[in-house]
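Step one of this worksheet: look at the structure below.
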Amino acid sequence: MTAPAGDTISARLAAVRAAIADAAAAAGRDPRAITLVAVSKTNPAEAIAEAIAAGQRVFGENRVQEAQAKFPELRRRHPDLELRLIGHLQSNKAADAVALFDVIESIDSTKLARAIAKEMRRQDRHPRCLIQVNIGAEPQKSGIEVDAVAELAALCRDELGLPVEGLMCIPPAEGDPSPHFQRLAALADRLGLPVRSMGMSGDYPKAIACGATHVRVGTAIFGSRPYP
Ligand SMILES: *Cc1c(COP(=O)(O)O)cnc(C)c1O
């Protein structure tokens, strides 16, 4: 079956890039200060290859095992890919995550930070790191509480020597995400961290208005996912 014109990965990518440029212009920001992270979780390597053919280089995956199955081969063909872990990471998977990813966006506990630091020393591989913040204080969600971010950031940077460059959040599904985005940006400012990873398919223009440097967009590029 052929997809209708305008409904290909390459067309959707172009539309997302245009929307990023529009949102940046509206906010008086340079669009080059915003990185599009194409969230390829649950999508097959062929779909990722289509995005690569359309010029996309930065990808996000939420499961270590799934990324291990898809990316080594794609990377052999395209050594300039950047792979970012955006999902919850268990400490016992830190070794695999440090070995595979270029950026780990989901540090959310001192235990995990210590496990990652230990693996970085052991492997002498140093993926950049973000701290995931539970910005809406939702009990079911990953991320460190807002009140504990400064302490975790200090531990990561000063004691463990982790290359922490910013914060990441997923705001509550209900309600206006903008106040949450603003709070994350203010928190990053206060800690002197330049990277703010925030905004998904439903709200990335709003995140850009609030200062996102990285937007993580899946569905709007790859279409709706076969499973969550
Ligand atoms: C799945 C996922 C995204 C992308 O979500 P879409 O709504 O498909 O754009 C972004 N961030 C995280 C952490 C995700 O798990």
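The values are calculated or read from the model by the stated rules, or taken from the named source; none is laboratory data. In this text, all values refer to a predicted model and were calculated from it rather than measured experimentally. So basically every Cβ, Gly included, is an ideal-geometry build from the backbone, and we count neighbours across all protein chains shown.
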From Ala153, Ala115, residue being over 25 Å from Ser178 (Cβ atoms), in a helix (DSSP H, G or I) and either of a type outside the set (Asp, Glu) or at pLDDT 95 or above (or both):
Ala115
Matching residues, segment 178-219, being surrounded by 18 or more Cβ atoms within 10 Å (Cβ to Cβ), within 9 Å of the ligand (Cβ to nearest atom) and in a helix (DSSP H, G or I)
Tyr204
What's the number of the condition Asp158 fails, among (1) of a type in the set (D, E, K, R); (2) over 29 Å from Ala21 (Cβ atoms); (3) touching a residue at least 60 places away in the same chain (Cβ under 8 Å)?
(3)
Quick check on segment 69-90. Is at least one of its residues within 14 Å of the ligand (Cβ to nearest atom) and assigned to a helix (DSSP H, G or I)?
no
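Out of Leu167, Leu130, Leu160, which single residue is within 16 Å of the ligand (Cβ to nearest atom) and touching a helix residue (DSSP H, G or I) at 6+ places or on another chain (Cβ under 8 Å)? Outline the logic, then answer.
Details: Leu130 fails: touching a helix residue (DSSP H, G or I) at 6+ places or on another chain (Cβ under 8 Å); Leu160 fails: within 16 Å of the ligand (Cβ to nearest atom).
Leu167 is the lone residue from the list that is within 16 Å of the ligand (Cβ to nearest atom) and touching a helix residue (DSSP H, G or I) at 6+ places or on another chain (Cβ under 8 Å).
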Could we say that Ala220 is modelled with pLDDT of 95 or more and under 17 Å from the mean Cα position of the chain (by Cα) here?
yes
Criterion first (more than 19 Å from Val146 (Cβ to Cβ), outside any strand (DSSP E or B) and in contact with a strand residue (DSSP E or B) (Cβ under 6 Å, 6 or more places away or on another chain)) does Leu162 satisfy it?
yes
For Pro139, are the conditions met, namely being touching a residue at least 12 places away in the same chain (Cβ under 8 Å), closer than 19 Å to Gly87 by Cα and away from the ligand (no atom under 16 Å from the Cβ)?
no
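From the list Arg63, Arg84, which one is buried (at least 20 other Cβ atoms within 10 Å of the Cβ) and basic (Lys, Arg)? Walk me through it before giving the result.
Working: Arg63 fails: buried (at least 20 other Cβ atoms within 10 Å of the Cβ).
Step by step, each of Arg63, Arg84 is checked, and only Arg84 is buried (at least 20 other Cβ atoms within 10 Å of the Cβ) and basic (Lys, Arg).
Residue-wise test of (1) more than 13 Å from the ligand (Cβ to nearest atom); (2) in contact (Cβ under 8 Å) with a residue 12 or more places away in the chain; (3) more than 17 Å from Ser197 (Cβ to Cβ); (4) among the hydrophobic types (A, V, I, L, M, F, W, C).
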position: Ala19; (1), (2), (3), (4): no, yes, yes, yes
position: Ala33; (1), (2), (3), (4): yes, yes, no, yes
position: Lys41; (1), (2), (3), (4): no, yes, no, no
position: Ala53; (1), (2), (3), (4): yes, yes, yes, yes
position: Phe59; (1), (2), (3), (4): no, yes, no, yes
position: Val64; (1), (2), (3), (4): yes, yes, yes, yes
Only one of (1) assigned to a strand (DSSP E or B); (2) over 18 Å from the mean Cα position of the chain (by Cα) fails for Ile131. Which number is that?
(2)
Exactly one condition in (1) within 10 Å of the ligand (Cβ to nearest atom); (2) more than 21 Å from Leu89 (Cβ to Cβ); (3) touching a Leu at 6+ places or on another chain (Cβ under 9 Å) is false for Gly223; which is it?
(3)
